[in-house]
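The values are calculated or read from the model by the stated rules, or taken from the named source; none is laboratory data. Small disclaimer: the values here were computed from a predicted structure and weren't measured. Every residue, glycine among them, receives a Cβ derived from its backbone with ideal geometry; neighbour counts consider all protein chains shown.
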């Protein structure tokens, strides 16, 4: 395991996609932008439920925005699909709510994250969230 800070405390960093996904979810919940920055790949791409495509800088801007916050939420149905020794997909169901730029949002999405390991370190390279039809 690598050593790094999680929630401002120096401790071993998780070293697999399942554990890293859990740390990623916790970092969003606690607004730990430093943890997100360490886990996000330089070429990261996020496809939002509305089809908007966002890059690493945009996502880091959101988590650092003082108006952003999660009031509640849960990631369920988490499953890891290994694509080899250095790549994995993590599928999960996200339900949550929060605020951003003065607006309340309510999410109910099926999500996929693509994790790749290079130089011995896992990073998230891609995420996509698809809304669940009500």
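In the set (1) within 20 Å of residue 26 (Cβ to Cβ); (2) assigned to a strand (DSSP E or B), residue 82 fails one condition alone, (1).
Exactly one of these conditions fails for residue 71: (1) more than 22 Å from residue 99 (Cβ to Cβ); (2) touching a strand residue (DSSP E or B) at 6+ places or on another chain (Cβ under 6 Å); (3) at pLDDT 90 or above. Give me its number. With respect to (1) more than 22 Å from residue 99 (Cβ to Cβ); (2) touching a strand residue (DSSP E or B) at 6+ places or on another chain (Cβ under 6 Å); (3) at pLDDT 90 or above, residue 71 is out only on (1). When the residues of the stretch 105-120 are filtered to those that are loosely packed, with under 14 Cβ neighbours inside 10 Å and out of contact with any strand residue (DSSP E or B) (no Cβ under 7 Å at 6 or more places or on another chain), which remaining residue is farthest from residue 81 (Cα to Cα)? Only one residue fits best here, namely 119. Give the stretch 24-40 a look and list any residue that's part of a helix (DSSP H, G or I), touching a strand residue (DSSP E or B) at 6+ places or on another chain (Cβ under 7 Å) and either in contact (Cβ under 8 Å) with a residue 40 or more places away in the chain or surrounded by fewer than 19 Cβ atoms within 10 Å (Cβ to Cβ) (or both), or say none. Within the stretch 24-40, 24, 25, 28, 29, 34, 38, 39 qualify. Against the numbered list (1) more than 14 Å from the chain's Cα centre (by Cα); (2) modelled with pLDDT under 95; (3) loosely packed, with under 14 Cβ neighbours inside 10 Å, residue 53 comes up short only at (2). Checked against (1) in a strand (DSSP E or B); (2) in contact with a helix residue (DSSP H, G or I) (Cβ under 8 Å, 6 or more places away or on another chain), residue 72 passes all but a single condition, namely (2). If you go through the stretch 42-69 and keep only what is part of a strand (DSSP E or B) and touching a helix residue (DSSP H, G or I) at 6+ places or on another chain (Cβ under 9 Å), you end up with 42, 43, 44, 45, 46, 54.
Exactly one residue among 88, 129 is touching a helix residue (DSSP H, G or I) at 6+ places or on another chain (Cβ under 7 Å), surrounded by 13 or more Cβ atoms within 10 Å (Cβ to Cβ) and in a strand (DSSP E or B), and that residue is 88.
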